[in-house]
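Quick notes on the structure that follows.
The values are calculated or read from the model by the stated rules, or taken from the named source; none is laboratory data. None of the values given here were measured: they were computed from a predicted structure. A quick note on method: Cβ atoms are made from the backbone with ideal geometry, for glycine too, and the neighbour counts reach across all protein chains shown. The accessibility values were calculated without ligands, DNA or RNA, using every heavy atom of the protein model including side chains. Shrake-Rupley method; radii C 1.70, N 1.55, O 1.52, S 1.80 Å.
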Amino acid sequence: AQKVTQAQTEISVVEKEDVTLDCVYETRDTTYYLFWYKQPPSGELVFLIRRNSFDEQNEISGRYSWNFQKSTSSFNFTITASQVVDSAVYFCALREGGATNKLIFGTGTLLAVQP
Amino acid sequence: NAGVTQTPKFQVLKTGQSMTLQCAQDMNHEYMSWYRQDPGMGLRLIHYSVGAGITDQGEVPNGYNVSRSTTEDFPLRLLSAAPSQTSVYFCASRPQGRRYEQYFGPGTRLTVT
């Protein structure tokens, strides 16, 4: 069965610190997709990144970077030089390949960035 | 494009009442889904549809009905509201094709008393 674990329930950092949000997943499929979404205090869900199981390249987008490691079934998210605007709940999610629309979410990590 | 829209934004129901949460998208997406978000549990899939006339159950379908008569609309019906259905409900859509991400609506906050 597929499962996503975000063991960090809450993280608090001071502005300009780097922070890594962990995501560990379980799936039996060889083809799958991993996602990160951000949910700011306003409540909407904002898509951040998608990664498919065949692409293990790490990705950097500004202050955000993602580390995908199939060997450890992890897809971790790092924010460099955090800012107060990064305060949000961050969700990792998994979708297996095939004609399905089932997106399995982790329980989320609440990141609080203090000024 | 308006993207994914949901109405209402807030709703209070009494136990036993029924209602329909509306969801519409104007991006011609084939796939649509309903999720509920509860504290400490992330988002859980209620029902989904891979095209007009086709729906299927997700993780937590009990107490909810859906139908998909058009590509644009995917309403979620609560048949007899219970306090356990107090939650924030999100509708999402995406194009056909395995690599695409889901686009989420703004959510409906439902309280059942």
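What are the residues in segment B:67-113 that are under 14 Å from A:L45 (Cα atoms) and of a type in the set (A, V, I, L, M), if any?
B:V88, B:A92 - these are the residues of segment B:67-113 that are under 14 Å from A:L45 (Cα atoms) and of a type in the set (A, V, I, L, M).
Please go through (1) among the charged types (D, E, K, R); (2) surrounded by 20 or more Cβ atoms within 10 Å (Cβ to Cβ); (3) more than 14 Å from the chain's Cα centre (by Cα) for B:R99 and return the number of the only condition it doesn't satisfy.
(2)
Given (1) at pLDDT 95 or above; (2) at the interface with chain B (Cβ under 10 Å from one of its Cβ atoms), identify the lone condition not met by A:T109.
(2)
Report, by residue number, each residue of segment A:31-63 that is touching a residue at least 60 places away in the same chain (Cβ under 8 Å) and not in a strand (DSSP E or B).
Selection gives A:T31 alone.
Which one is nearest to B:D38 (Cα to Cα), of the residues in segment A:7-20 that are in contact with a Leu (Cβ under 7 Å, 6 or more places away or on another chain) and surrounded by 14 or more Cβ atoms within 10 Å (Cβ to Cβ)?
Per the stated criteria, the residue is A:Q8.
Filter segment A:58-86 for residues that are small (G, A, S) and under 14 Å from the mean Cα position of the chain (by Cα) and give the result.
Hits for segment A:58-86 are A:S61, A:S65, A:S73, A:S74.
Looking only at residues that are at pLDDT 95 or above and among the aliphatic types (A, V, I, L, M) in segment A:1-21, which one is farthest from A:P115 (Cα to Cα)?
Ranking the qualifying residues of segment A:1-21, first place goes to A:V4.
Condition check: facing another protein chain (nearest Cβ under 10 Å), buried (at least 21 other Cβ atoms within 10 Å of the Cβ), in contact with a strand residue (DSSP E or B) (Cβ under 8 Å, 6 or more places away or on another chain) and in contact (Cβ under 8 Å) with a residue 24 or more places away in the chain. Does B:A81 satisfy that?
no
Any chance segment B:71-82 includes a residue that's under 19 Å from A:R95 (Cβ atoms) and either modelled with pLDDT under 95 or in contact with a helix residue (DSSP H, G or I) (Cβ under 9 Å, 6 or more places away or on another chain) (or both)?
No, the conditions are met nowhere in segment B:71-82.
For segment A:21-40, how many residues are among the basic types (K, R) and either away from chain B (no Cβ under 14 Å) or open to solvent by 60 Å² or more (accessible area, probe 1.4 Å) (or both)?
Total satisfying the criteria: 1.
Output the number of residues of segment B:47-70 satisfying the condition of being among the aromatic types (F, W, Y) and either at pLDDT 95 or above or open to solvent by 30 Å² or more (accessible area, probe 1.4 Å) (or both).
Matching residues across segment B:47-70 total 1.
Would you confirm whether or not segment A:77-94 contains a residue that is open to solvent by 70 Å² or more (accessible area, probe 1.4 Å), at negative phi and either within 9 Å of chain B (Cβ to nearest Cβ) or part of a strand (DSSP E or B) (or both)?
No - not one qualifying residue is present in segment A:77-94.
Counting only residues that are facing chain A (nearest Cβ under 7 Å) and modelled with pLDDT of 90 or more, which one in segment B:36-46 is farthest from the chain's Cα centre (by Cα)?
Here the residue is B:L43.
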